[in-house]
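The values are calculated or read from the model by the stated rules, or taken from the named source; none is laboratory data. Note that the structure is predicted; figures quoted are calculated from it, not measured. Cβ: placed from backbone, ideal geometry, glycine included. Neighbour counts: every protein chain shown. Surface accessibility is based on the protein's heavy atoms, side chains included, excluding ligands, DNA and RNA. Shrake-Rupley method; radii C 1.70, N 1.55, O 1.52, S 1.80 Å.
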Amino acid sequence: SPFTERGNKSNTNQVVVTCRVVDYEQLGEKIGLRGAVTLKPLDEGQIKAYLQDVPEFWEAVVADTGLKEIAQTPLLLSIMAFAFRDRKNELKALSDLKEGALRDAIFTAYIEERYAHEARKLKLKGQTPPFTLEELWRDLGWIAMLNAAGGWDVTANVLTKRDFWR
């Protein structure tokens, strides 16, 4: 059986813990890890290699310092590439944005593209999403405002499915 007497899975479980280095260094008690990896900012060569199939995106990143800075973070580069893979004509408009507006535009595009992607997958199964994109935006806005107002224990920074149905 893959379960021990205590009901836990055997020692084949694997967990990935992510944290900012600064935050981890401030922790009193550390967790026992078999190893750790510290992600460094991507260099231009790595970004270019990742965007090799999207030359328009690479050109936009090279031309804009804000985009280049964001693209150095692997997660944000992945989000941007997904969000704008079919919106190449919108890339030029990003170059005029300041940092906050740039991040907003990237995450807006990502959420819209991700929703459309999931809706297409459900459609192939003869299903529809359980909520509209407008409802998603409304709920994300509500959660963000509640979090910003201290409505949740923001140090935990964890949301459950139940939080979305309140």
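So which helices (runs of 4 or more DSSP H) stay within region 63-136 end to end and still have 2 or more residues that are touching a Gly at 6+ places or on another chain (Cβ under 8 Å) and more than 30 Å from ARG20 (Cβ to Cβ)?
Fully inside region 63-136 and qualifying: nothing.
For the structure I just gave you, tell me whether THR65 is among the β-branched types (Val, Ile, Thr) and touching a residue at least 24 places away in the same chain (Cβ under 8 Å).
For THR65, the condition - among the β-branched types (Val, Ile, Thr) and touching a residue at least 24 places away in the same chain (Cβ under 8 Å) - is not met.
Return the pairs, sorted by first residue and then second, in which the second residue is polar (S, T, N, Q) and open to solvent by less than 80 Å² (accessible area, probe 1.4 Å), the first residue lies in region 13-39 and is farther than 21 Å from PRO74 by Cβ and in a loop (DSSP other than H, G, I, E, B), the beta carbons are less than 7 Å apart, and the residues are 6+ apart or on different chains.
If the second residue must be polar (S, T, N, Q) and open to solvent by less than 80 Å² (accessible area, probe 1.4 Å), no pairs are left.
If you go through region 52-83, how many residues are touching a helix residue (DSSP H, G or I) at 6+ places or on another chain (Cβ under 8 Å) and exposed (fewer than 11 other Cβ atoms within 10 Å of the Cβ)?
Count: 1.
Which ones in region 14-39 are within 24 Å of GLU69 (Cα to Cα) and either touching a helix residue (DSSP H, G or I) at 6+ places or on another chain (Cβ under 7 Å) or open to solvent by less than 100 Å² (accessible area, probe 1.4 Å) (or both)?
CYS19, VAL21, VAL22, ASP23, TYR24, THR38, LEU39
Out of the residues in region 96-145 meeting the condition of being of a type in the set (Gly, Ala, Ser) and either in contact with a strand residue (DSSP E or B) (Cβ under 7 Å, 6 or more places away or on another chain) or over 18 Å from LEU67 (Cα atoms) (or both), tell me which one is surrounded by the fewest Cβ atoms within 10 Å (Cβ to Cβ).
Result: GLY126.
Quick one: what pairs do we get from region 84-95, first residue open to solvent by 40 Å² or more (accessible area, probe 1.4 Å), second not in a loop (DSSP other than H, G, I, E, B), C-beta under 6 Å, 6+ apart or different chains?
Going by the 6 Å Cβ cut-off, the qualifying pairs are LYS88/GLU56.
Here's the yes/no breakdown for (1) closer than 22 Å to ARG85 by Cα; (2) modelled with pLDDT under 90:
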{"position": "ALA116", "(1), (2)": "yes, no"}
{"position": "LEU122", "(1), (2)": "yes, no"}
{"position": "LYS125", "(1), (2)": "no, no"}
{"position": "THR132", "(1), (2)": "no, no"}
{"position": "GLU135", "(1), (2)": "no, no"}
{"position": "LYS161", "(1), (2)": "no, yes"}
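Just one of the numbered conditions (1) farther than 25 Å from GLN52 by Cβ; (2) at pLDDT below 85 is not true of LEU91; which one?
Single failed check for LEU91: (1).
Is it the case that some residue within region 40-51 is at pLDDT below 85 and either more than 23 Å from PRO74 (Cβ to Cβ) or open to solvent by less than 90 Å² (accessible area, probe 1.4 Å) (or both)?
The answer is no, given that none of the residues of region 40-51 is at pLDDT below 85 and either more than 23 Å from PRO74 (Cβ to Cβ) or open to solvent by less than 90 Å² (accessible area, probe 1.4 Å) (or both).
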